[in-house]
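Please read the structure below before turning to the comments.
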Amino acid sequence: MSIATFLADDHAALDALLARAVRAVGAVDLEAYGEFRARLLRHIAIEEKILFPAIKEARSGEPHPDWKRLRIDHGAITSLLVPPPTPALVRELRSILEPHNAVEEGPGALYESADALLARDAAMLVERMRQYPPVKVAPYRDGSRVLRRAEDALRVSAMQFRSK
């Protein structure tokens, strides 16, 4: 199995879980959303801890050209997974996930370029991804400092690159 297939299949499974979580109009199925949340955090960890470092190493220490944008998206997505879910919050998440997934999937996108760049090690990398353990998921938090809008989450996440 290719890197692109493994990760795109995971995107499809995540999309199905999120759709199941908001099947009822005006409500969020907490069980389905909880599974989506845990699996999405694992997916992000796989990219951050396995895929991005492998690409950087294969490019002689240079990250993929989309790395910064994807890291900003990951930070924003994870911040939107902190508060208890609402239909409005799911819409905000989707406003980041849909363009984010397009940067990763499809012709010439991150996953396809990873397959080309990492072809020699692809089977081993996919196996590492498959074996990656579930991530520890913190309880939902609420409060005045918790972000609920994609615009705010992206802005705060982008701050990590301003001082570099």
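What is the sum of charges, Lys and Arg at +1 and Asp and Glu at -1, for the other residues whose Cβ falls under 9 Å from the Cβ of His74? Display every interim value, and only then the final one.
Numbers: positive: Arg71; negative: Glu47, Glu48, Asp73.
Around His74, the charge tally is -2.
Which of the DSSP-defined H helices in the chain satisfy a minimum axial length of 18 Å, computed from C-alpha atoms, and a minimum mean Kyte-Doolittle hydropathy of 0.0? Please list the in-between numbers first.
Working: long enough: 3-21 (27 Å, 0.85); 30-46 (24 Å, 0.19); 67-80 (20 Å, -0.29); 87-104 (25 Å, -0.13).
In the chain, the long hydrophobic H runs are 3-21, 30-46.
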**Footprinting exposure proxy for Ile44, Ile3, Ile55, Ile50 (fewest neighbouring C-beta atoms within 10 Å first)** = Ile50, Ile44, Ile55, Ile3
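Eight or more residues apart or on different chains, and alpha-carbon atoms under 17 Å: count the Lys pairs in the chain matching that. Don't skip to the end; give the middle numbers.
On the way: Lys49/Lys68; Lys49/Lys136; Lys56/Lys68; Lys68/Lys164.
So the count of such lysine pairs works out to 4.
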**Message:** Net charge around Arg20, counting only other residues with Cβ within less than 11 Å of its Cβ (Lys, Arg = +1; Asp, Glu = -1)?
**Reply:** -3
**Asked** What's the exposure ranking of Glu127, Glu92, going from fewest to most Cβ atoms within 10 Å?
**Response** Glu127, Glu92
**Request:** Choose one of Ala24, Ile55, Ile44: the residue whose Cα lies farthest towards the positive end of the charge dipole of the range 24-63 (beta-carbon charges +1 Lys, Arg; -1 Asp, Glu; about the Cα centre).
**Result:** Ile55
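When Lys and Arg each count +1 and Asp and Glu each count -1, what net charge do the other residues less than 11 Å away from Ala153, Cβ to Cβ, add up to? List each step's numbers first, then the result.
Values: positive: Arg148, Arg149, Arg155; negative: Asp73, Glu92, Glu151, Asp152.
Summing Lys and Arg as +1 and Asp and Glu as -1 gives -1.
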**Label-to-label distance, nm, for residues given as Tyr132 and Asp152 (7 Å Cα→Cβ offset)** = 2.8
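Rule-based calculations on the coordinates, nothing more; no lab input. Fair warning: this is a prediction, and the values are worked out from it, not measured in the lab. Virtual Cβ from ideal backbone geometry, glycine too; neighbours counted across all protein chains shown.
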